[in-house]
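Visitor: Have a look at the structure that comes next, please.
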Amino acid sequence: MKVLKFGGTSVGSAERMKKVAHLIEGEPKWVVLSAMSGTTNALVEIARAMNYNKLNDAKQQVRALEEQYEKVVDELYATAEYKKRAYEEVKNLFDIAWQLSTQKLTPQQNSVPFALLLTYRENKLLSIGELLSTRLFHLYLLENGVKTCLLPALEFMRLDVHGEPDNAYIKSKLKQLMDANPGYDIYLTQGFICLDSENHVDNLKRGGSDYTASLIGAAIKADEIQIWTDIDGIHNNDPRFVEGTCPVRSLHFEEAAELAYFGAKILHPTCIQPAKQYHIPVRLLNTLQPESEGTLIHDESPSGHLKAVAAKDNIISIRIHSGRMLLAYGFLRKVFEIFERHRTPIDMITTSEVGVSLTIDDPTHLDDIVNDLQHFGTVEVEEDMVIICVVGDLSPLNPGFPSAIVNALNEIPVRMISYGGSAYNLSFLVKSEDKIQTLKSLSSHLFSNK
Ligand code: ADP
Ligand code: ASP
Ligand code: MG
């Protein structure tokens, strides 16, 4: 069975949903939907207004969003019966938003930290986006006679105590649910949303519907995972900043995983991992141009090429200068232990005789980390940095590629370079103000003749 995920733009209007219904005709498949485009952002804004106790603003925004959905219902269904059922669904879900926006949270409620209460409320609110799109699409398919089973993501998608997907649980729940509901043409579910290990509504972070699709793909050992979006596959550079980018037709899992992790917005940072683990091909396709070839991510890929560039924003660099590093075995272990203790992953690292430079993207524990690191030497922190990652066949068997990349950086003040961590990636750190120039320069030096 294949798993097809449709992103926000792909289901962004009644007309687009009808198009998706055509695209999924044929053999039985899993279909994962994001919220309609703009909805999650609107819900984030509503949560923000609630957190600042601007309840009137929140209510107005809830009302405006509800009106948009009423219009979608008007346009999507042909029959009075299905319009009525869809209005009821919309009303039920917006009732939850109304209740949340009138709820007064008080510090110390049930001895749960206040910040956590706000997070629980926000996560519940955000889940409404995917619940809306899937329930409306479910009714549309039923109205059109498609044998569809809507399996709620909150019944099988769950995180473990470390906030990672609980794969064993997901697999066994999915099996139970599919065994109990055999013979459907479409198994439909929500992307993005899940439960945490204590059964609070949670999510897989922004863009997480891609991850839902690959987690389901891995759990059911799908033949293929398809990510349908608004562009014809992964381009060789970020089309939001660089003109004239081209789709890359074939990527190795490792290359795609690096691109996703290092910022290519088209893929959720960790969504390639489950597919890679079970060797399930991932195809990126364009809902607006279904006939385009898109990008195939798989176990093979033509070698001898540089493929693409991506940028990861909001990076913090930390430099530790220490006279004691010279010949001091155990020094790096002590540094790494600090990051481990504060549950903060390190992205990039470079070392010299007198110091270590590394980067993180999660500022939550920055102050504590810096305090602890100061025991070893002087610590410098710089925020607002960007990791730029070039992926392709960067094995030592292609000696010209690192120098071609470095040549493209002639004019750029580069802060760190990392090469050799894998055979697929060379990455470096620049200030955010140099990001666009760097991306453009890499495209013109590396891909201009393609
Ligand atoms: P969806 O809502 O379908 O999940 P996203 O907005 O998350 O879609 O991802 C698609 C967008 O990613 C594209 O419209 C494009 O602007 C952006 N993007 C960033 N980097 C790339 C890249 N390397 N290749 C293609 N698209 C990219
Ligand atoms: N709706 C969520 C978001 O906007 C998840 C997704 O689109 O993948 O981030
Ligand atoms: Mg996305």
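Visitor: Would you work out the charge dipole size for the chain about its Cα centre, treating the Cβ of every Lys and Arg as +1 and the Cβ of every Asp and Glu as -1, and quote it to the nearest 20 debye?
Guide: Numbers: 45 positive and 58 negative charges, 89 e Å.
I would put it at about 420 debye.
Visitor: With axes computed from alpha carbons, what is the tilt in degrees of helix 114-143 against the longest principal axis of the chain, rounded to the nearest 10 within 0 to 90?
Guide: Around 50 degrees separate the two axes.
Visitor: Taking a threshold of 30 Å on the Cα-Cα distance, which of the pairs K124/K171; K83/K175; K83/K221; K29/K440 fall above it? Walk me through the numbers before you get to the answer.
Guide: Values: K124/K171 24 Å; K83/K175 33 Å; K83/K221 37 Å; K29/K440 40 Å.
The pairs that break the limit, which is 30 Å between Cα atoms, are K83/K175; K83/K221; K29/K440.
Visitor: With everything on Cα atoms, drop me the angle between helix 331-341 and the longest principal axis of the chain, reported from 0 to 90° to the nearest 10.
Guide: Computed tilt is about 20 degrees.
Visitor: Counting residues in segment 261-370 as N, plug N into 2.2 N^0.38 Å and put the Cα Rg over that result. Please report the intermediate quantities before stating the final value.
Guide: Working: Rg = 19.3 Å, N = 110, 2.2 N^0.38 = 13.1 Å.
Compactness ratio reported: 1.47.
Visitor: Normalised by the empirical 2.2 N^0.38 Å for globular proteins, what value does the Cα Rg of segment 82-151 take? Mind dumping the intermediate values first?
Guide: Working: Rg = 16.1 Å, N = 70, 2.2 N^0.38 = 11.1 Å.
So the Cα radius of gyration is 1.46 times the expected 2.2 N^0.38 Å.
Visitor: Quick one: Cα centre-to-centre distance for segment 337-416 and segment 269-335, in angstrom?
Guide: Each part reduced to its Cα centre gives a spacing of 14 Å.
Visitor: What length, rounded to one decimal in nm, is gained on full extension from D368 through to R240, with 0.36 nm per residue of separation minus their alpha-carbon distance? Can you show the working numbers first?
Guide: Values: separation 128, 0.36 × 128 = 46.08 nm, distance 3.57 nm.
Net length gain for the segment: 42.5 nm.
Visitor: By counting other Cβ atoms within 10 Å of each Cβ, how are S133, S111 ranked from fewest to most?
Guide: Numbers: S133 27, S111 5.
Fewest to most other Cβ atoms nearby, the residues stand as S111, S133.
Visitor: So, one more: Taking the Cα-to-Cβ direction at H22 and at A115 and moving 7 Å from each Cα, how far apart do the two end points lie in nm?
Guide: 5.0
Visitor: Now for a different question. Taking the chain as the reference, fit the longest principal axis to its C-alpha atoms, fit the long axis of helix 80-102 to the helix C-alpha atoms, and give the angle between the two in degrees, 0 to 90, nearest 10.
Guide: 50
Visitor: Still on this structure, I have one more. May I have the extent of the alpha carbons of the chain along their three principal axes, as whole Å values ordered from largest to smallest?
Guide: Its Cα atoms span 75, 56, 39 Å along the three principal axes.
Visitor: Another one. Could you put L195, L284 in order, starting from the residue whose Cβ has the fewest other Cβ atoms within 10 Å?
Guide: Ranked by crowding around the Cβ, least crowded first: L195, L284.
Visitor: If you don't mind, another one. Quote the charge dipole size of segment 293-343 about the Cα centre in Debye, to the nearest 20; the model charges only the Cβ of Lys and Arg (+1) and of Asp and Glu (-1).
Guide: On the way: 8 positive and 6 negative charges, 120 e Å.
For segment 293-343, the charge dipole is close to 580 debye.
Visitor: Cut-off is 10 Å between beta-carbons; in what order do M157, M36 appear when sorted fewest neighbours first?
Guide: Numbers: M157 30, M36 26.
Neighbour counts put them in this order, fewest first: M36, M157.
Visitor: Express the C-alpha Rg of segment 377-445 as a ratio against the empirical globular expectation 2.2 N^0.38 Å, rounded to two decimals. Intermediate results must be reported in sequence, preceding the final value.
Guide: Details: Rg = 12.8 Å, N = 69, 2.2 N^0.38 = 11.0 Å.
It is 1.17.
Only the coordinates and a few stated rules stand behind these numbers; no lab work does. Everything quoted here is computed from the prediction, not taken from an experiment. All Cβ positions, even for glycine, are placed from backbone atoms using ideal geometry, and neighbour counts span all protein chains on display.
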